[in-house]
Amino acid sequence: YGAGDGRLLEVLSRRGAIVVGVEPSASARGRAAERGIDLFEDLDDSSIAGSSFDLIICWHVLEHLENPGAELSRLATLLAPGGTIVLSVPNLASLQAGIGGDRWFGQDVPRHLTHFTPDGIRRIANRSDLEVEGMHYWSLEENPFGMWQTLVSRASGSRDAIFRLIKRQPLGDTARGRAASVFGLLLALPLLVIAVPLEWIASALGKGGTVTARLRRRS
């Protein structure tokens, strides 16, 4: 659910899984089709039968939805009894969110409409008749960079300077903003030395920048 360009479904299909994907982005669906993966635009368009899936993956999707609790409940009805939803979201209770405040990299407003704590995930899971089987707080892809960018933004007063540089985006809309971004980039290397071990420790203590949960539909 939120299949992007279909890479994950392609891998799972090669390993023998029967896969179905939902992705609202037309361009992403086009790239998936080039991989031989046909995706539905939304659940209403899919005619997917209830209680038909062993596993649903919802990877950094819920934070983009206007009503994530309702969508999670809807996804739960598609699981066979004992089926599993694996979801991952930015962790509002993380150390990097606490340090960054309004400059936390994971905030990403306005693309992110809702933010979650581990307790918040437990609450919406319970409303959806889902049991939390486990949570973990480390993502090599997400966490170290999130802490690094957050520290740089907080120290320099810039906004996501490293990310903007990587994406070849303007470093700011004003001269002051561009100057803050340049200052942030100068701080980037020394702060990287701090960011990686700090995030590793935070994740080990349940305060990592992301939370990944395994939710099982009650029989």
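The values are calculated or read from the model by the stated rules, or taken from the named source; none is laboratory data. This one's a predicted model, so the numbers in the text were calculated from it and none came from an experiment. With ideal geometry, Cβ positions are generated from the backbone for all residues, glycine too; neighbour counts draw on all protein chains shown. Accessible surface areas use protein heavy atoms only, side chains included; no ligands, DNA or RNA. Shrake-Rupley method; radii C 1.70, N 1.55, O 1.52, S 1.80 Å.
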Report summary line: Percent relative contact order for the stretch 8-52, counting Cα pairs under 8 Å at least six residues apart, stands at 34 percent
Query raised in the report: Taking the simple approach of a point 7 Å from Cα along Cα-to-Cβ for both S13 and S25, what is their distance in nm?
Result: 1.8 nm
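Rolling a 1.4 Å sphere over the protein heavy atoms, what is the accessible area per residue of the stretch 86-211, to the nearest Å²? Show your work: numbers first, answer last.
On the way: 6770 Å² over 126 residues.
Each residue of the stretch 86-211 exposes 54 Å² on average to a 1.4 Å probe.
Starting from 0.36 nm per residue, how many nanometres of slack lie between H64 and E131 once their C-alpha separation is accounted for?
Working: separation 67, 0.36 × 67 = 24.12 nm, distance 2.28 nm.
Result for the pair: 21.8 nm of gain on full extension.
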Query raised in the report: In the stretch 78-124, which trypsin sites (Lys or Arg not before Pro) fall in coil by DSSP and have 15 or fewer other Cβ atoms within 10 Å?
Result: R111
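Report D for the chain in µm² per second (integer): Stokes-Einstein, Kirkwood Rh on Cα pairs, 10 °C, 1.306 mPa s.
So the translational diffusion coefficient is about 85 µm²/s.
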Requested in this report: Please return the longest stretch of the chain lacking exposed loop sites, where GluC sites (Glu not before Pro) count only if DSSP places them in a loop and at most 12 other Cβ atoms lie within 10 Å.
Outcome: 142-219
Query - Length released on extending from T117 to T77, taking residue separation times 0.36 nm less the Cα-Cα span - result: 12.1 nm
Query raised in the report: What is the helix-to-structure angle for 143-156, meaning the angle in degrees between its Cα long axis and the longest Cα principal axis of the chain, kept from 0 to 90 and rounded to the nearest 10?
Result: 30 degrees
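Counting only protein heavy atoms, what percent of the accessible surface of the chain is carbon or sulfur at a 1.4 Å probe? Before the final figure, lay out the partial values.
Working: 6530 of 11880 Å².
Carbon plus sulfur share of accessible area: 55 percent.
What number results when the radius of gyration of the stretch 1-63, computed over Cα atoms, is divided by 2.2 N^0.38 Å? The partial results should precede the final answer.
Numbers: Rg = 11.1 Å, N = 63, 2.2 N^0.38 = 10.6 Å.
Compactness ratio reported: 1.05.
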**Report entry** Calculated Rg and Dmax of the stretch 40-163 using C-alpha coordinates, Å
**Finding:** 16.4, 51
